[in-house]
Amino acid sequence: MLAFYRTTGVKDSSVGDVIARSLGLFGDRPADWKLAGDAIYARHSRERAARSSSRWSPHRSKTGLTVLFNGFIDNMAELCADLHDCPTDPAAIYAAAFERWGENADIQIVGDYCALIAMPDGDIRLSRSPWRAPPLHFVQSGGTICAASVPRIFHACGLATKLDPAKFAANQFAVPGDTEGWYQGSNQVGLGQSVLIQQDRWSAHQYYDHLASRKTPGASREEYVAEADRLLSDGCRKMSEGFTSPGIFLSGGLDSPNVAARLIGELSDGKTLASFTFRPHRDHRPKQDKHSYTDDWPAVQQFAAMHPQLRPHTLDGVAGFDTKLQEMFLATGLAPIGLPNMLQYHPLYAEAKKQRCDVVFDAEFGNATFSNAGSWGFTEYFLRGKWKQLVRAITNDPAREGSAIWTFLTRSVGPLLPGPIWRGLARLIGREAKAPIELISPLTNNAIKRYGLRNRVAPDLLSGRPHYANRKAMLHALFERGEMHAGDITQGFEQLYGIVQRDPTSYRPFVEFCLGLPTDMFLHNGQNRWLARAMGRGLMPEAQRLDTRTGLHSPDWHERLTPQLPQLRAELLAAADDPDVAGILDIPRMVALIDNWPDKQASGHEDALKFGMAIPRAIMMVRYARFVSGRNAA
């Protein structure tokens with residue numbers, strides 16, 4: 001992690017100690033820091049076990065650039081060849097790249113990083129890599145500039161301490177901000193974005209377009225699969241370099257097993273790959289469902305039988321949604337809407353730490369890349385007259401719940417209709433689905449109106465429409481809402497457990513290749529997620545490779561939340577007078593959900609959203625507001 005602080009007037013070196021203690025809060029010792037020129041620079045390694053050095057200084061290039069770098073560069077060898085130099089320090093590589101390519105440097109660099117450059121003229125440049133990156137927040141106030149990986153640095157320096165209610169509410173409706181931060185006066189750098197801070201102003205530049213149209217050069221299906229295999233393997237190899245004890249979060253699906261098999265292929269003789277799989281609550285009794293499954297462990301065991309170098313571990317999902325919630329507030333400074341979905345990872349990280357892993361891999365970008373279902377293909381095949389592919393897609397649709405005609409209307413025609421007509425027809429025939437965000441969000445209607453959130457939320461979250469009209473609509477759904485602080489959450493886990501997390505499916509050459517592939521690489525001859533299944537041939541059991549069911553996230557919400565209901569109800573009622581949540585959080589609606597809690601878990605998706613997801617978010621809002629203000633619970 002990194003921090004930078006510069007202010008006019010009297011300089012007190014004790015500020016450096018304050019920043020170092022705050023930045024290194026979860027480490028074995030304070031962060032390294034140096035006073036260089038008129039500014040304080042600080043850095044702290046992601047790995048808790050890494051040793052700090054009193055001799056550390058930020059990198060300074062021959063042209064006078066002072067550079068802080070946090071993260072990883074995955075194409076070091078290629079950059080060194082272009083730059084005719086090969087320093088081992090990523091900050092030096094970044095400086096050399098900026099001196100060579102200027103504002104295009106981040107396009108040339110492949111990695112997972114954020115960076116800060118202090119220019120000789122006093123300007124400050126901040127940047128983050130395009131697809132996945134550690135967070136970077138900043139404040140410019142008068143003659144003071146502060147940039148840091150975590151907002152707690154601002155608070156330690158007496159900057160941006162007041163919560164912004166508009167941002168607080170927008171987050172709970174899944175509305176991404178542009179650059180505004182969570183605290184009044186603070187801002188944040190977006191993915192694929194650079195920010196130039198000058199003496200009295202700053203400006204942001206989106207150097208990378210996530211929604212740009214891409215087209216992979218034509219090739220045979222076999223050649224496409226071979227190239228996807230090569231790129232994913234390349235990402236696995238580059239991201240595992242330098243680590244000695246890898247682990248992976250492993251599911252029973254297609255994404256992480258494909259990654260695990262390739263990571264195993266990169267292991268040297270005698271090395272093993274530890275895997276960690278979360279299981280539902282021991283009291284969870286799922287109903288048989290042809291569309292979904294709730295327990296990954298049986299498939300993981302069969303996968304492990306094919307790969308002797310895998311050491312599988314399973315964790316019983318008994319942890320509550322609020323496990324280490326306070327610690328995550330401190331580690332991130334935020335309360336992202338997706339955080340309650342992630343807290344079940346604490347047992348996995350704890351076990352990975354116990355197994356002495358220095359890196360854990362995941363495959364979160366799988367659905368956006370090689371494992372995409374290609375659901376827009378139903379409409380594309382209809383519009384382009386590809387009747388054979390359309391008939392096969394409809395006949396074999398794993399989510400089909402009616403006749404072929406009904407599937408055709410909902411999958412191929414429905415996505416083309418204007419939103420109001422779609423909702424009217426769905427209401428007329430009794431198939432109207434409530435907007436997911438309306439069910440998940442615990443906000444009051446007045447707050448939603450006050451901050452204009454319905455006009456800013458991603459259309460797929462508000463419409464309730466389950467399918468996409470085209471590939472562009474799918475990409476918008478995936479990327480237009482932004483990362484929703486995924487980088488902050490990942491960094492929070494890394495701080496708490498001292499383990500780096502990496503995702504080979506976010507390797508930029510692999511992402512861009514997959515985004516340019518033709519539709520029938522994902523939906524082909526009636527088989528969805530075709531590319532991921534093709535890449536898994538021979539690497540996983542056939543039953544797993546061809547399974548069309550979807551693994552459910554947090555299927556045991558009823559068992560986990562039920563014992564906590566009296567406590568959660570009391571917390572909500574006590575928050576009625578909290579000025580930070582009053583008028584924003586719909587406490588009566590949340591209490592009514594608890595009072596009408598179902599005796600047993602229903603199979604419906606709507607119940608999982610309004611009970612299993614809305615209540616944890618309401619409690620998170622209450623506790624976060626107390627965390628920021630320092631007030632105790634009533």
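The values are calculated or read from the model by the stated rules, or taken from the named source; none is laboratory data. Since this is a predicted model, take the numbers as computed values, not measurements. Neighbour counts are summed over all protein chains in view; Cβ atoms, including those assigned to glycine, are modelled from backbone coordinates with ideal geometry. SASA here: full protein model, heavy atoms, side chains in, ligands and nucleic acids out. Shrake-Rupley method; radii C 1.70, N 1.55, O 1.52, S 1.80 Å.
Numbers for the structure displayed
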| read-out | value |
| --- | --- |
| Simple spin-label estimate for Asn525 and Met342 in nanometres, 7 Å along Cα-Cβ | 4.0 |
| The stretch 374-496: Lys pairs at Cα distance under 28 angstrom, eight or more positions apart or on different chains | 4 |
| FRET efficiency estimate (nearest 0.05) - Cβ-Cβ, Thr161 to Glu512, R0 35 angstrom | 0.30 |
| Ranked packing of 254-263, 351-360, most packed first, by mean Cβ within 10 Å | 254-263, 351-360 |
| Listed residue (Leu330, Gln301, Gly385) projecting farthest to the positive dipole end of the stretch 293-389, Cβ model | Gly385 |
| Evaluated at q = 0.12, 0.14 Å⁻¹: base-10 log I(q)/I(0), Debye formula over Cα of the stretch 83-182 | -0.52, -0.68 |
| ³J(HN,Hα), Karplus 6.51/-1.76/1.60, whole Hz, each residue of the stretch 123-132, x for Gly, Pro | 5, 10, 10, 10, 7, 9, 5, x, 9, 8 |
| Projected label distance in nm at Arg29 and Asp316, using a 7 Å step from Cα toward the beta-carbon | 4.1 |
| Within-14-Å neighbourhood charge of Gln567 [Cβ basis; K, R +1; D, E -1] | +1 |
| Computed FRET value (nearest 0.05) for Lys271 with Ala226, which takes r as the C-beta separation and R₀ as 30 Å | 0.70 |
| Sulfur and carbon atoms: percent of accessible area, the chain [1.4 Å] | 52 |
| Where Rh is the Kirkwood radius over Cα pairs, Rg/Rh for the stretch 485-564 | 1.08 |
| Isolated Cys in the chain, by beta carbon distance under 4.7 Å | Cys114, Cys146, Cys157, Cys236, Cys357, Cys514 |
| Convex hull volume per residue for the chain, taking Cα atoms only, in Å³ | 162 |
| Histogram of C-alpha separations across the stretch 273-397, 5 Å bin width, % | 2, 8, 12, 14, 18, 14, 11, 9, 7, 4, 1, 0 |
| Amide H contacts of Phe72 (H built 1.01 Å from N, under 5 Å, at least 5 apart or other chain) | Asp112, Tyr113 |
| Residue-level accessible surface for Leu383, protein heavy atoms, 1.4 Å, Å² | 110 |
| Stretch gain in nm, segment Gln199-Lys388, where the contour uses 0.36 nm per residue and the Cα spacing is subtracted | 61.8 nm |
| Set Lys271/Lys353; Lys167/Lys353; Lys167/Lys610 screened for pairs whose C-alpha atoms are more than 24 Å apart | Lys167/Lys353 |
| Anchor Lys34: aspartates and glutamates whose Cα lies under 14 Å away (excluding residues fewer than 8 positions away in-chain) | Asp12, Asp17 |
| Where Met621, Met484 fall by accessible area, highest first, once all protein chains stay in place (1.4 Å) | Met484, Met621 |
| Additional length obtainable on full extension of the chain from Arg356 to Ala305, 0.36 nm per residue less Cα span | 16.1 nm |
| Hz values of 3J(HN,Hα) by residue in the stretch 203-208 - Karplus curve (6.51, -1.76, 1.60), Gly and Pro given as x | 9, 10, 10, 8, 7, 10 |
| Per residue, in Å², the accessible surface of the chain once ligands and nucleic acids are set aside, probe 1.4 Å | 42 |
| Length released on extending from Ala576 to Arg55, taking residue separation times 0.36 nm less the Cα-Cα span | 182.4 nm |
| Share antiparallel - DSSP beta bridges, the stretch 149-278, percent rounded to 5 | 70 |
| Around Arg400: net Lys/Arg minus Asp/Glu count, Cβ-Cβ under 11 Å | 0 |
| Global form of the stretch 33-154, assessed from the alpha-carbon gyration tensor, a/c cut-off 1.5 | rounded |
| Share of Cα-Cα pairs in the stretch 563-634 lying beyond 19 Å, as whole percent | 33 |
| Point-to-point label distance, Gln206-Cys80, nm (Cα→Cβ direction, 7 Å offset) | 3.6 |
| Eligible aspartates and glutamates near Lys162 by straight Cα distance, threshold 20 Å, same-chain separation 8 or greater | Asp178, Glu180, Glu327, Asp488, Asp577, Asp578, Asp580 |
